[in-house]
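Only one structure is covered here, and it is reproduced in the block below.
The values are calculated or read from the model by the stated rules, or taken from the named source; none is laboratory data. Since the model is a prediction, treat every value here as computed from it, not as a measurement. Here Cβ is always computed from backbone atoms with ideal geometry, including for glycine, and neighbour counts include all displayed protein chains. The area values use the complete protein model at the heavy-atom level, side chains included, leaving out ligands, DNA and RNA. Shrake-Rupley method; radii C 1.70, N 1.55, O 1.52, S 1.80 Å.
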Amino acid sequence: MQNSHKDEFYLNLCLQNAWKNQLITLPNPAVSALILDKYGAILSLESHQECGKPHAEILALQKAYANLSGDCAILSLKDSTQIHNYLLKHSKNLFCDSTIYVSLEPCSSLKCGKTPSCANLLKLLKIKRVVIAAQDINKTAKGGAEELEQSGIAVTKAWQVENLTSINQKANTLLLPFKALQTKGKFILYKYACRLNGSINGGQISSKAAQIQMHNYRTKANYLLTSGKTIRIDKPTLDVRFSTLQPKKSPNIIILTSDKNLAKNAPLFDIPDREVKIAHDINSTLNGLKGFVMCEGGA
């Protein structure tokens, strides 16, 4: 297999894996990393789970270290700094013949956030090669690729390789929510549910799995925008009872309606620790919002 074709294959695996946690990682991007040993065998394929938790590269290195060394004690560590320190203390030259594929450029040493720099760790572990699908636009984290190159590590950037143009485009599509938050201050998700025959009226539409997914999204949303008609007809709760994430936090609600006397008899008004606003103009409402906004309701 030619090198660019091999790179495309493994970066595709990263992208497919990262999509599983799309939106769940906000305000961080959805990212996945894959590590090969010197023989080309896959040691790990891991994705960033939530903001504040270890990045994809760290989780991939953690799993790869356990597979290479047989030392599974590292797998009990959940804190990013603890994993960093354990790897630096015990891995020695374990990764000097390994390649890591990442859907997004590893954060540089200039980064100052909840977790340590991934580029710095890769540099200190002396990993042989890093292959990156998309460039980071975050001004507080970008520059990891150049930092790795300056340390003598071989770096392949998909945005600079003609045969990897399509992979770079796919990787940037994955980053759309993150980039919208970075550049516009908000990302708006419109949720639409219908049956396979296209019908949308009467009875429950979403499956249990879809309910869980949507409620997980709600826990990450800053606002949930719905209509007055939905409130009057469905009398929804719009909470996060089916979410599998912790902590469970119901989003603030904005009800868009022309009804100046909307009855406040829906269960959503009784959910604690949330703000419920009633708005009458969609443009001014959306212009004033920041963060992750979900739009959902009935037909």
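Here Ser207 sits with roughly 60 square angstrom of accessible surface, probe radius 1.4 Å.
Each helix, a run of at least 4 DSSP H residues, gives -39500 (n - 2.57); summed and divided by the residues of the chain, these come to -10000 deg cm²/dmol at 222 nm. Between the Cα long axis of helix 3-18 and the first principal axis of the chain there is an angle of about 40°, rounded to the nearest 10.
For the chain, the longest piece that avoids every one of the GluC sites (Glu not before Pro) found in DSSP loops with at most 16 other C-beta atoms within 10 Å covers 51-274. Of the trypsin sites (Lys or Arg not before Pro) in segment 58-125, the ones in a loop by DSSP (not H, G, I, E or B) with at most 15 other beta carbons within 10 Å are Lys78, Lys92, Lys114. In loop segments of segment 146-226 as defined by DSSP, the trypsin sites (Lys or Arg not before Pro) with at most 13 further C-beta atoms inside 10 Å of their C-beta are Arg195. Computed from Cα atoms, the angle from the helix 165-174 axis to the main principal axis of the chain rounds to 40 degrees.
The loop-placed chymotrypsin sites (Phe, Trp or Tyr not before Pro) in segment 160-210, going by DSSP, that have at most 12 neighbouring Cβ atoms within 10 Å of their Cβ come out as Tyr192.
Between the C-alpha center of segment 249-277 and that of segment 176-203 there is a gap of 20 Å. Taking the Cα atoms only, what angle lies between the long axis of helix 80-90 and the longest principal axis of the chain, rounded to 10 degrees? The answer is roughly 10 degrees. Under a model in which nothing but the beta-carbon of Lys, Arg (+1) and Asp, Glu (-1) is charged, segment 213-261 shows a dipole of about 60 debye around its Cα centre.
Apply the a/c threshold of 1.5 to the C-alpha gyration tensor of segment 238-288 and tell me whether it is rounded, prolate or oblate. It is oblate, given that a/c is not under 1.5 and a/b is not larger than b/c.
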